[in-house]
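Here's the structure we're looking at; comments come further down.
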Amino acid sequence: MDALTRGVADAFAGKKLDLAGQQQLTQYVRHVREMEGARNEAVASDYLANNAKAKGVKTTASGLQYRWLFRAKPRRHRPARMTRSLCSTRQVAGRDRVR
């Protein structure tokens with residue numbers, strides 16, 4: 001705790017870190033990140049284990065978990081509808097005629 005207090009006081013005084021101080025800070029930040037990562041992994045594995053037991057949840061070989069929220073009704077096959085289309089043709093005489 002004394003090192004932290006000294007570090008804060010030095011920062012407010014405008015002092016820069018020497019090489020040893022930078023290495024110590026880097027090690028501290030790395031340690032905090034590793035601890036946070038380990039905690040996150042534990043929480044995530046607990047969540048996935050509990051979620052796998054939930055009703056309707058399926059787990060794939062890769063570990064992906066999913067659940068169908070609802071099933072859609074299958075669509076009936078409808079015959080193609082007749083459509084009318086307009087096309088224009090040009091007669092030899094040069095007059096347009098629309099069918």
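Of all the criteria given as (1) in contact with a Gly (Cβ under 8 Å, 6 or more places away or on another chain); (2) under 30 Å from Leu4 (Cα atoms); (3) at pLDDT 90 or above, the one not satisfied by Gly21 is (3).
Scanning the range 28-57 for residues being under 30 Å from Arg67 (Cβ atoms) and either hydroxyl-bearing (Ser, Thr, Tyr) or outside any loop (DSSP other than H, G, I, E, B) (or both) gives a total of 18.
So is Leu25 within 30 Å of Trp68 (Cα to Cα) and part of a helix (DSSP H, G or I) or not? The answer is no for Leu25. Can you tell me which of (1) under 20 Å from the mean Cα position of the chain (by Cα); (2) in contact (Cβ under 8 Å) with a residue 12 or more places away in the chain is the one Leu64 doesn't meet? The one condition Leu64 does not meet is (2).
The values are calculated or read from the model by the stated rules, or taken from the named source; none is laboratory data. These numbers come from a predicted model, not from an experiment. Using ideal geometry, Cβ is built from the backbone for each residue, glycine included, and neighbour counts are taken over all protein chains shown.
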